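Shown next, in structure tokens, is the structure this report addresses.
The values are calculated or read from the model by the stated rules, or taken from the named source; none is laboratory data. These numbers come from a predicted model, not from an experiment. Cβ placement follows ideal geometry from the backbone for every residue including glycine, while neighbour counts extend to all protein chains displayed. These area figures cover heavy atoms from the full protein model, side chains too; ligands, DNA and RNA do not enter into them. Shrake-Rupley method; radii C 1.70, N 1.55, O 1.52, S 1.80 Å.
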Amino acid sequence: MSVQAAPEPRPLFGAQPTPEPRGVFGVRTAFGEPAPLGDQDALRRQGPPSRRRRAAVNGLLILVPTALMITGATFAVASILGGSDPSTCADGTPRTDLTITTAPSLAVPVRALAAAYERAHGDQNGPCPTIRVQAAPSDRTLDAVARASPSAASIPDVWIPESSDWLALGQESASAAPKLPLRATTIAASPVVIAMPREMAQHLGWPEHHLTWAELAADAGVPGFWATRGQPAWGDFRFDMANPDSSAAGLRAVIGVVSAARGIAPADMSTGTFDQDRTAQATTVRLERLATWLPTYDSLLFDAERTTSVPGGGRPPSAFPALESDVIAYNRSLTASTNQASRGSTLVAQYPSDGTFTASVPYIVLTHTSETDAKRTVAASFLDYLGTDTGRQALSDAGLRTPAELAGRDDPAGLADKLTITDGIRTTAPKVAGVDASDSVLGTARRFFRHARQRGAAIAVLDTSASMRLPLTDQPGRTRLQAASDTAVAGLQVIGPTSDLEVWQSAGALPEGHRVLSPMASLAAPASTGAGTHLDELTSLARSLRTGGATTLYSTVLAAVHDRQRRFTPGRLNEVIVITDGILDDSTGGPTGSGGTVGSGGAGRDASDILASGEPTLEQTVERLRAGYDAAHPVRLVIIGCDPAANATTLQRLAAATGGRAYVAPDATALFGIYADTLTTAH
């Protein structure tokens, strides 16, 4: 038996005396109850399953080009009776090759069980098996399935991810769904928990009190959290999580925190919860920003706890979402290790009462497998084997709950009797709801979190022409500039702290009609002058602007968009954000330079409202924006009219020429909506 080195992410701690795969999350009920273990006659008799395509969810899959790497072994045990050919069964028929791709955390027990099964069935009449076990992260496997043709050799015959939610996410993809069954059988399970160093958890009342999702999000935002509780050496309450794009526990944490914040059970969520509900979106954005580190896979979080170090410095997490089986594996690795590098503290599992989720490990037979009699028979037979005492024993040894335990029944081959106090978990699995979040909710939650991770590289243009000193049309005691300044300051609080921002001023009194007030820098970077950050500097700048000169908005917009195109930053949201009174109307036009006057029904019209000499018209500006648009390097205009009388039609025509949007007089709450729109429409 030959074994290749596993690709990252590896099983949490390598091969341990007690195998340590991880569980899965989200017991799916969207496609009915899973078939019980051992009841596979129907699977053997069935022909190719009927298929129905589902509409694709835009941006659902992470397209990470990768091949499935073989990390398991080929178990080819040839019959020695009568000198038979190693490539044939005892009756002379060809052996059946079955490839199984499993999550890295499940590779140890699945590999061992495949070897034992093949030894027991190697000399039978056909079909006799040759099983190849491969290990690959579930997000990459789903990507490979989505990209491949239905019968491609690059996709497995059987897929065992750490979570049945990967099947649910696959069903949301038009390219992956035809290759996947509508149902899968659960072979094991693991609750989703909040992992925490034992001493910290005890300080917060564990084991009597278990941290909730709501408390996790709240505690992570409290400055000096541990100092106020008598433990200043512990620093801040550091919350980390693995990326929900590739982590079952991470995605479930998003569902749990939003569910608690909105007071909506996961089963009652809809696609609109993450696509339209601003409170849910704001909660998701806040959660993303609370996470000080977002590694790709859960194993890296456990590595940080074990070595007491994280990238960039600082303490390891105070708490993070994880699978119960991972906590068991981690604690057992510390007990068994003689390596001085394994010096981390043991962890305990906290079971949040405001969102109890259990990850079910599905046995997924791909449709091309079901279309071949021999492969279908071997796949069903091996599934039966996983349900035997031997199979359940191997999976529970790895820290997983058996289906019987998941249903609240005792199982002699289960996990409960193997637990010790050092494992840090409950003997009995928590009771889970009969209905969970739907497939589409998982997809939209995963997608919006991906949007929330986007950072900007933007130019903010502040209109300071003379008309901005005029009073607001609905608030005579407040000027348009004051409204624009307030909008800018509130907007700075919404943009991600590691976004890059440059600020321009637009006014006819300036030599070129505009100027750079503050060059491009991260909002979190030190201020170019004085103390504080770039964010502090821009906040002060927005409060100190003065007005003067005719309107130069059109030429400034063209210059800013061109500048951002010239210095386009890949991987960022490249935008030009304009804040203006927006009372522009040159629809009656005139030659370039003569322009029209601002105003709506004559409101606020004076000599300062005339377009500056040499300004392009609205039509010319729109035409140039459209001609210069590059879909491969998009720079979008986001225009905010700070006065309720702003000409929405004119502003929208400008923004739409770049695929952007315009808004009129948003309040502080609506500003987040603008930000969310920007995140979701930029993809």
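Values as computed for the structure displayed
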| quantity | calculated |
| --- | --- |
| Test: residue in the stretch 220-236 that is assigned to a helix (DSSP H, G or I), under 29 Å from THR358 (Cβ atoms) and within 25 Å of the chain's Cα centre (by Cα) | no |
| Positions within the stretch 119-154 being open to solvent by less than 40 Å² (accessible area, probe 1.4 Å), under 27 Å from LEU300 (Cβ atoms) and not in a helix (DSSP H, G or I), in sequence order | VAL133, GLN134, ALA135, ALA136, PRO137 |
| Top-ranked residue of the stretch 155-189 - restricted to ones that are among the acidic types (Asp, Glu) and more than 19 Å from PRO403 (Cβ to Cβ), ranked as most open to solvent (accessible area, probe 1.4 Å) | GLU172 |
| All positions within the stretch 406-426 that are open to solvent by 40 Å² or more (accessible area, probe 1.4 Å) and either within 26 Å of the chain's Cα centre (by Cα) or more than 20 Å from LEU334 (Cα to Cα) (or both) | LEU406, ALA407, GLY408, ARG409, ASP410, PRO412, ASP417 |
| Residue within the stretch 229-241 that is acidic (Asp, Glu), open to solvent by 30 Å² or more (accessible area, probe 1.4 Å) and farther than 30 Å from ILE421 by Cα present | no |
| Which listed residue, of ALA349, ALA336, is of a type outside the set (D, E, K, R), open to solvent by 10 Å² or more (accessible area, probe 1.4 Å) and in contact (Cβ under 8 Å) with a residue 24 or more places away in the chain | ALA336 |
| Pairs, first part of a helix (DSSP H, G or I) in the stretch 314-325, second open to solvent by 10 Å² or more (accessible area, probe 1.4 Å), C-beta under 6 Å, six or more apart | GLU324/ILE425; SER325/ARG22 |
| Matching residues in the stretch 190-200 - criterion: being buried (at least 24 other Cβ atoms within 10 Å of the Cβ) and either closer than 10 Å to GLY424 by Cβ or among the hydrophobic types (A, V, I, L, M, F, W, C) (or both) | VAL192, VAL193, ILE194, ALA195, MET196 |
| Boolean, THR650 is of a type in the set (Val, Ile, Thr) and surrounded by fewer than 20 Cβ atoms within 10 Å (Cβ to Cβ) | no |
| Filter result for SER259 (within 18 Å of the chain's Cα centre (by Cα) and buried (at least 20 other Cβ atoms within 10 Å of the Cβ)) | yes |
| Checklist (1) open to solvent by less than 10 Å² (accessible area, probe 1.4 Å); (2) under 26 Å from THR186 (Cβ atoms); (3) outside any helix (DSSP H, G or I) applied to ASP354, failing item | (1) |
| Selection from the stretch 511-532 of residues that are buried (at least 18 other Cβ atoms within 10 Å of the Cβ) and either of a type in the set (Gly, Ala, Ser) or closer than 16 Å to TYR554 by Cα (or both) | GLY513, HIS514, SER518, ALA521 |
| Residues of the stretch 441-498 that turn out to be touching a strand residue (DSSP E or B) at 6+ places or on another chain (Cβ under 8 Å), of a type in the set (Lys, Arg) and surrounded by 22 or more Cβ atoms within 10 Å (Cβ to Cβ), as a count | 1 |
| Matching residues in the stretch 401-418 - criterion: being over 18 Å from PRO362 (Cβ atoms), touching a residue at least 12 places away in the same chain (Cβ under 8 Å) and in a loop (DSSP other than H, G, I, E, B) | GLY408, ASP411, PRO412, ALA413, GLY414, LEU415 |
